Amino acid sequence: MDSVIKPGAWVVLQLPSGINRVIQVSPNTTISLGKYGSFPANLILERPYNLTFEILDRKEGEKFSRLRVVPTAELYAEIFADEASPECAAPTPNAGVATPAEPASAESTGQATAGKDVTETELKLLDENARQTLTQDEIEELKKNVTNAGKSVIDKLMSSHTAIDQKTSFSLAKYKLLKTKKYIRRFKVLPVDVPNFLEWQLSERDPSKILDIRAEMLGLVGCWANVHYGGDAVYLEDPGARCDAGGEAYAPLKPELFKGRWLVVDDTCGALTAAMAERMGLLYPEEEEDEDEEGEEDRDDQEKEETDQSAQQNTEPPAKTSKPPRGPRPSDFAIPYSQTNTITVVHAASQPNLSFLKYWGFDITAPNHPPHPLLNHLLNLTWLQLVQPERDLAYSLPPLTTSAETLMSWKPSRRGNFHRKRRRSARIRHIVDATRAGNFSGLVCASTMDPVSILKYTLPLLAGGATVAIYSPSIEPLAELADCFSVPRRTAWTSGSVPETAGKTAEELERWPGTPDFPLNPTLLLGTSLQTSRARRSQVLPGRTHPLMTERGGAEGYVFTAFRAKPAEGHVEAMGKWKKKKTEGSNSSVAAAAAAQDAAPVGADKDIPVEDATDPLPADEEMTDAPAPLAE
Amino acid sequence: MAPTTRSLAQRGSPFLDPGPVTKANSLALLHLSRDNLEPVYLAQTAGEHDGYAEGVVVNTRYGSYPHSSMIGIPWGTQIRASKVDTGSRGRKRKRPNGDDAGPSSDGTPADTPAETETPEPPQNPAKQPVATTSGFIHILPPTPELWTLSLPHRTQVVYTPDYSYILHRIRARPGTVLIEAGAGSGSFSHASVRAVYNGYPDRDGKHKGKVFSYEFHEDRYRKMKKEIQDHGLEGLVQLTHRDVYNGGFLVDGESPKASSIFLDLPSPWEALPHLSRQRPQSDKAENGSETTEEDEKPWVSPLDPKKNAYLCTFSPCIEQVTRTVSALRRLGWVDIDMLEIAHRKLHTVRDRVGLNLPYDRSVNVSAKDVDEALGRLTEIEDRLRENSRPRAGADAMDDDDDIEADDNNITAPASTAEASSARPWKDGRLVTRGEPEIKSHTSYLVFAILPREWTGEQEAAALAKYPVGETGHIVGALDKAARKKERREHLESLKNQGSRKARRNEGFERLAKISETAV
Ligand SMILES: C[S@@+](CC[C@H](N)C(=O)[O-])C[C@H]1O[C@@H](n2cnc3c(N)ncnc32)[C@H](O)[C@@H]1O
């Protein structure tokens, strides 16, 4: 991630009103902030993010406004004054009286919901109380000759307010703040990284597009799924297939190279994928300092024409003919995907919807894509390709072949087409086979599809100990999922009371097709857990610190987490014997369930009294023993 | 291939790359039951150890597990308890039910469920062989989340709901250099090293993520140091024994060049002045006379001069927050944001209510709906009528008592009970509940950003590179009319382009342009 604003970058413009806009900064354009004014984009290029700029008055003879970086001492001047005033130094009960919704000051951030704290009624109240002597026309006139970045208007408004003496210092501060929001010509430029993007999408765009997924949820999902840098890129050797070689010449899979691969179901238009890519070091092109090494990894030959330029538009990525470290020119069957540190997206439509990745310069639909780390680390396939590849044409059709002479006789455009199709065949073959080979490090979902159905097909693909983290805007689908792994289900399964499991091998049970009673094999996940989390914001101002009055509502958001287990073979008998003994009693299955629960730690939930009585959880002991941080 | 894997295995951390199977001399987590994990360093021993013929053995209440049975197996494997030969060793654990099975052949008899409701004595010889085969656990690769739940607590620690959010907000990503103080029990250290990891240093010239951690408590420092070694994190986590209030964050006089900072200290404001871009004002003012010679030395910032610094402080009390925020403002930090994380765990249960359900302590024996209530009431009324007919005019009080008794005696027909108990996992309504106790407050999180320095020289250079002159087309907030016009034009152009291919090409051209200008 760059720390300065680069040409072509998407940025968040934060306006005094607390509104955020996302724009792409192109050189030699003008950026308009509506009523706050406009300025040349060149004035923010190569400047650091997170500074506060002020739009200056136009200089004589200049057709544009210049900018000024506002020093923080100036930004905080009023707060510092407040801190110095005795009222705040020693807050009296009275001092708190006039502190309803104090908007979170000018410093409110891309994260904070600036200004949201002032409710409509409060605004009205203020307006009613305000006995502004300036007429609207006068104000308009003032604004036209605006000087000093709007500060003069504000000062004038303040001094023309007849009720100003009657205001408490707090409501005065609020009045000033409201007017400041309206007239001050300041703005901030924030980078469009995942946290800022999320905030903008949630609060100002369409939260439903990203399934209302908040930063808290993304954080939990990313951590519980253990998503992290999965190792340096490793590529398969180019099989060097000639144009007459068919499917037998495809590069063979090498599952032993697999490392750090995550399976993803993303119905958030790519927000989830972006967050994962960020955690895996795949979202941002490497920074300028490292530019020289960049070529090694960001090789791009997706759909690249190699034989001729004529058939092709002149839009090759500049300068770089970056290739994998082997072979001067990859053959059609060369696999451009790393075997490590990858994201494999399974999608329900024929194309994945990852449109939000455009904010980070990635467009999965673009041919001849300029270099981007995701090119070699993002794989995608349809559910049909995953589950029944033989029914997918692109997968099942053999690659085109032709003799070298025929190829040479073709027009360049036809040759290009031929190569492109062969490359596509080889890549689809590789993606589908590699995905079906399984051994994924984790599964991450934020999907509108039923999670039970997702797990039915993906559980067999997870390596032992792999992580599962599934986000849902509402709890019901996750509750149903968790219920598939309930203690009674696991008990019934392990004690042999599920007739369909009889005679099945471990391998067959891993690929359990599901029955109405047992949609999933309940022994394939371990430590299933449901959670939710929410950030509660406060404003911190001298003598006026309190939680915000309103927060975003809507979907709460929940996360299901678990680890992939590899059930032992043969333990079923032991439990069965036990059960038989107990079935003589009247409450057979209940007793068996209770008994097996304790014997089978898989099912040993905290809320079973027997457990708690015999062995208090060590975690709790340690908690109480630990010194409170205050004591330090 | 083989030699590479071996060398990786030697230096790699099981947290970052556990490999497909468990390894000797490496950390693994035994999953005993939900949230009940036990960390073990798998030891390959030849011969007897500590009285066990099997070598090192982990004893849990789910049985005994020799390490040798847990090495070289796939992660996530369910491991069955072993019969271990304890020789003359007695049982270490005292059992509440006074089990004195002694040096039994399997070491697990006491692990049979000590169900208070089960009257059979656990010594019942018939049960013994059953119990020996019933114990099992799972073995999981270490992750920061599991480590946080199982680590030896030396201090209060930062848990997953907090650190997951913090790391997201302070932009701890692969390649980031992160400062953390104090290290405490290392919970946050483990989570943060995973976030910043992008390979071990010195592998190639590439810039590598790293955690600089500080701890002034001698004992905690030593324990943490050992942990870093044991977990293969050397070179990725650099721990310094230091009081950061006075000593700051430089390591051997050199700047870590950090861009993410996490302070879990009682008085973060005392550490903040060290995290400046230039020698902080107060530094000069307050210690003016003492530090004259210090003043002559050039001041080195621990921050990366080319990056914005993202900070989070973690304080349980609001007074700490107030002081921290005030200090941050004076030190030029912006985008100050304060919040706390409210986290809840939920579990699902089958709410079983009904008169006809088989008895079980989780069943609420009352009418599941109005119809069932009506059914029962009718039944009672019918009996009442039957009873009252032959004994007309008898003592009313007695009748009432009888009815009460009857009320309790009405039970479901056996067949119904049998039918529903056959599938206990499907009985009742699926509901979610919170935990009996919620951690309602951990700490307040204060976030802030310190932008990189921007000098007049840099400004002049940027201006020279991107001079202002003719202004091109307008981006950003247009007024309504202009926006409408633009949209109309856009739609038109789409219509004209028609084909999807054209649109794709447009997207691609745009990208190409960006990349061109970006290079
Ligand atoms: C609450 S603990 C940190 C816990 C840690 N974040 C974790 O997740 O395990 C605070 C630690 O800071 C250390 N500490 C306090 N003041 C310090 C100082 N001035 N310099 C260095 N360490 C300090 C304490 O010894 C203690 O271990």
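The set of residues in the stretch B:155-178 being near the ligand (Cβ under 7 Å from one of its atoms) and not β-branched (V, I, T) consists of B:Q156 alone. Reported count of residues in the stretch A:380-410, each being free of Cβ contacts under 8 Å to residues at least 60 places away in the same chain and closer than 25 Å to A:C243 by Cα, is 14. Listed by first and then second residue, the pairs with beta-carbon distance under 6 Å, at least 6 apart or on different chains, first residue in the stretch B:147-173 and more than 24 Å from A:D2 (Cβ to Cβ), second among the hydroxyl-bearing types (S, T, Y) and away from the ligand (no atom under 11 Å from the Cβ), are B:P161/A:S533.
Scan the stretch B:258-290 for residues that are crowded, with 21+ Cβ neighbours inside 10 Å, more than 16 Å from the ligand (Cβ to nearest atom) and either modelled with pLDDT under 95 or more than 13 Å from every other protein chain (Cβ to nearest Cβ) (or both) and jot them down. Passing the criteria: none in range. For the stretch B:329-347, the criterion of a residue being more than 7 Å from every other protein chain (Cβ to nearest Cβ), over 30 Å from A:P488 (Cα atoms) and in contact with a strand residue (DSSP E or B) (Cβ under 8 Å, 6 or more places away or on another chain) is satisfied by at least one position. Remark: pairs (first residue in the stretch A:443-471, on the phi > 0 side of the Ramachandran plot; second residue outside any helix (DSSP H, G or I); Cβ separation under 7 Å; 6+ apart in sequence or on different chains) = A:G465/A:F563; A:G465/A:R564; A:G465/B:W75; A:G465/B:G76; A:G465/B:L140; A:G465/B:P141. For the residues A:L384, A:L407, A:L378, the requirement of being away from chain B (no Cβ under 14 Å) and either touching a strand residue (DSSP E or B) at 6+ places or on another chain (Cβ under 9 Å) or among the basic types (K, R) (or both) singles out A:L378.
Just to be sure, is B:S301 of a type in the set (G, A, S), surrounded by fewer than 17 Cβ atoms within 10 Å (Cβ to Cβ) and either at pLDDT 95 or above or out of contact with any Cys (no Cβ under 8 Å at 6 or more places or on another chain) (or both)? No; evaluated as a whole, the condition is false for this residue.
Going through (1) more than 9 Å from chain B (Cβ to nearest Cβ); (2) hydroxyl-bearing (S, T, Y); (3) under 30 Å from B:S315 (Cα atoms) one by one, A:S533 falls short only on (1).
Out of the stretch B:193-217, which residues are within 11 Å of another protein chain (Cβ to nearest Cβ), touching a residue at least 12 places away in the same chain (Cβ under 8 Å) and either acidic (D, E) or under 11 Å from B:A258 (Cβ atoms) (or both)? Listed by number, the residues that qualify are B:V196, B:G209. Filtered by the rule that a residue be at the interface with another protein chain (Cβ under 7 Å from one of its Cβ atoms), more than 29 Å from the chain's Cα centre (by Cα) and not in a helix (DSSP H, G or I), the stretch B:300-328 gives a lone residue, B:K306.
The values are calculated or read from the model by the stated rules, or taken from the named source; none is laboratory data. None of the values given here were measured: they were computed from a predicted structure. Positions of Cβ are backbone-derived with ideal geometry, glycine not excepted, and every protein chain shown enters the neighbour counts.
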